[in-house]
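Everything below concerns the one structure shown next.
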Amino acid sequence: MREIHPEDLEDIAVGAAILGTGGGGDPYIGKLLARCAIEEHGPVKLISLDELPDDAKVVTGGAMGAPTILIEKIPSGDEMLMALHHYEDVTGEKVDALMPFEAGGLNSCLPIVLAAQTGLPLVDADGMGRAFPQLEMETFNVYGVKAAPVAMADERGNLAMVETEDAAKAEFLARGICIRMGGHVSLINYPMSGETAKRVSVPATISLAQDIGRVLREAKRAKKPPLATLIEFLKTTHYGHAEVLGSGKVADIARKVENGWSVGIVTIAPFDGSEPYSIRIQNENLSLERNGDVIAVVPDLICVLDIDTAEAIPTERLRYGQRVNILGIRVPEIMRTPEALAVFGPSAFHIDATYAPLGGS
């Protein structure tokens with residue numbers, strides 16, 4: 001077991017933004033909320049999957065909605081706590097441990113807020129190994145865990161509960177409620193036992209986020225190239241491979257909110273004037289193309305990083321003229337099985353491409 005203290009949050013936020021592949025919500029807001037919660041309630045207990053009792057009642061949590069909405073609709077910090085209380089009141093179940101449902105941005109930080117508020121341990125794992133835009137796109141769902149009940153809460157104290165047998169249907173119903181709650185809500189979902197969590201989760205993603213932030217911070221302090229240092233570090237993790245896929249200047253952004261998601265195309269012009277890169281987004285970066293060729297595609301991570309700091313730029317904060325590197329990271333094996341690709345591979349996003357893992361299998 002390790003503890004999360006206020007001084008750890010900067011590294012976690014930096015790493016979570018990279019794992020979020022442009023989505024998962026603004027980590028800056030999440031970092032501030034987590035700092036306030038820890039300063040008020042004390043440090044958070046972070047436990048590994050191995051430390052989680054088999055009979056523990058685990059629920060997962062995070063936020064749903066378009067990241068662009070967070071720029072104006074800032075969470076109060078109590079939404080997940082209200083959703084957890086609503087879940088326990090309706091189901092009559094007592095929760096023993098918490099886990100993020102995705103590794104990215106705000107959604108790596110909000111469960112830290114809830115863990116501080118409740119004193120419950122936070123499991124060092126999640127169901128995406130990155131961020132995805134839809135609730136059914138979880139390793140939990142891939143390997144047999146039901147998404148519902150889904151407890152929902154907004155910053156005004158409005159509550160809802162979705163009950164359905166199908167994870168995609170849970171996404172459809174919850175997304176409609178989310179839109180009517182203002183386009184951004186907090187959720188509690190995917191209840192499971194500790195034994196099940198060990199089988200279906202992507203391990204060690206919170207500690208990985210913290211380590212990514214630490215590696216970048218230490219590289220800058222030692223005046224080492226941060227991106228090269230990060231790539232070398234990622235080779236030692238269960239992700240195993242990372243590479244620079246391109247670089248250039250943000251030349252165009254076509255972005256809108258549609259059906260509760262932020263969707264669009266980002267164009268990046270290489271510095272040498274050659275053919276531009278095109279990144280398709282749906283909250284997160286989904287595919288990278290150039291001259292009609294698919295260079296990288298989900299589930300692998302496509303991260304747009306500031307060229308000087310190697311820190312991630314969320315999709316809602318991309319602006320014309322930013323100088324960027326495009327980093328690709330291969331996902332862990334649990335996310336590359338045929339069952340997983342059927343749920344969150346290219347076809348799930350109607351992308352006409354065959355998934356080929358970066359760096360090979």
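Do we find a residue being of a type outside the set (D, E, K, R), in contact (Cβ under 8 Å) with a residue 40 or more places away in the chain and at positive phi anywhere in the stretch 320-330?
So far as the stretch 320-330 goes, yes, one or more of its residues are of a type outside the set (D, E, K, R), in contact (Cβ under 8 Å) with a residue 40 or more places away in the chain and at positive phi.
For the stretch 228-244, check the following and say yes or no: at least one residue is in contact with a helix residue (DSSP H, G or I) (Cβ under 6 Å, 6 or more places away or on another chain) and within 30 Å of E88 (Cβ to Cβ).
no
Looking only at residues that are more than 16 Å from the chain's Cα centre (by Cα) and polar (S, T, N, Q) in the stretch 76-114, which one is surrounded by the most Cβ atoms within 10 Å (Cβ to Cβ)?
T91
Can you name the residue in the stretch 49-66 that is of a type outside the set (G, A, S) and touching a Lys or Arg at 6+ places or on another chain (Cβ under 9 Å) and is also surrounded by the fewest Cβ atoms within 10 Å (Cβ to Cβ) among such residues?
D50
Among the numbered criteria (1) over 24 Å from V202 (Cβ atoms); (2) assigned to a loop (DSSP other than H, G, I, E, B), which one does A160 miss?
Among (1) over 24 Å from V202 (Cβ atoms); (2) assigned to a loop (DSSP other than H, G, I, E, B), A160 violates only (2).
Specify the residue that is surrounded by the most Cβ atoms within 10 Å (Cβ to Cβ); the eligible residues are those in the stretch 335-361 that are of a type outside the set (S, T, Y) and touching a Gly at 6+ places or on another chain (Cβ under 8 Å).
Per the stated criteria, the residue is M335.
What number goes with the only condition from (1) more than 23 Å from L135 (Cβ to Cβ); (2) open to solvent by less than 10 Å² (accessible area, probe 1.4 Å); (3) part of a helix (DSSP H, G or I) that L46 does not pass?
It fails just one condition, (3).
Please indicate, with yes or no, whether at least one residue in the stretch 20-42 is open to solvent by 60 Å² or more (accessible area, probe 1.4 Å) and among the acidic types (D, E).
yes
Report, by residue number, each residue of the stretch 256-308 that is over 24 Å from V331 (Cα atoms), among the acidic types (D, E) and in a strand (DSSP E or B).
Once the filter is applied, which keeps residues that are over 24 Å from V331 (Cα atoms), among the acidic types (D, E) and in a strand (DSSP E or B), the stretch 256-308 yields only E258.
Any idea which of (1) in contact (Cβ under 8 Å) with a residue 24 or more places away in the chain; (2) part of a helix (DSSP H, G or I) is the one D55 doesn't satisfy?
(2)
The values are calculated or read from the model by the stated rules, or taken from the named source; none is laboratory data. Only a predicted model underlies this, so the values are computations on that prediction, with no experimental measurement involved. Reconstructed Cβ throughout: ideal geometry from the backbone, glycine too, with neighbour counts over all protein chains shown. What goes into the accessible areas is simple: the full protein's heavy atoms, side chains included, and nothing from ligands, DNA or RNA. Shrake-Rupley method; radii C 1.70, N 1.55, O 1.52, S 1.80 Å.
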